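None of the figures in this text is laboratory data; all of them are computed from the coordinates on show. Treat the numbers as computed from the prediction; the structure is a model and nothing was measured. Because the Cβ atoms are built from the backbone with ideal geometry, glycine has one as well, and the counts that use them run over all protein chains shown.
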Amino acid sequence: MPHLIVEYSAGLDAQLAIERVLDALGEAAAESGVMQRRDIKLRAIPYSHFRLLDGGDAFVHVTARLLSGRSDAQKLQLSSRLRECLASMLTHVHSISVEIVDMHAPSYLKRLL
């Protein structure tokens, strides 16, 4: 925990190295001070079927799922840092967005070996 989930238009696969994007986001998240590097988990999901009704042809959306307890200021700091990271790498992408989601700590379960 936390989880950074990158959703993006599959057409970007030819234009971006998603592994580099994940590495950069992980670094930005770790440097934010909001979470510990060792706790960060990242994954990416390409979408072949989507619509941007404003006429755009590409998007990247990051959902950061955090256990509850961070202040609004911490969440804003994290979302701003993640968005800036993406915007600096993906200058050609029409839509870049970041969403911070609080997870319900009492019901979150995990297993580590």
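Here are the numbers for this structure:
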quantity: Positive-end residue, segment 1-102 charge dipole about Cα centroid, Cβ charges, pick of Leu67, Ser88, His49; calculated: Leu67
quantity: Cα-based equivalent ellipsoid of segment 52-113: semi-axis lengths in Å, sorted from largest, via gyration tensor; calculated: 28, 14, 11
quantity: Kirkwood estimate for the chain, i.e. one over the average of 1/r between Cα atoms, Å; calculated: 14.7
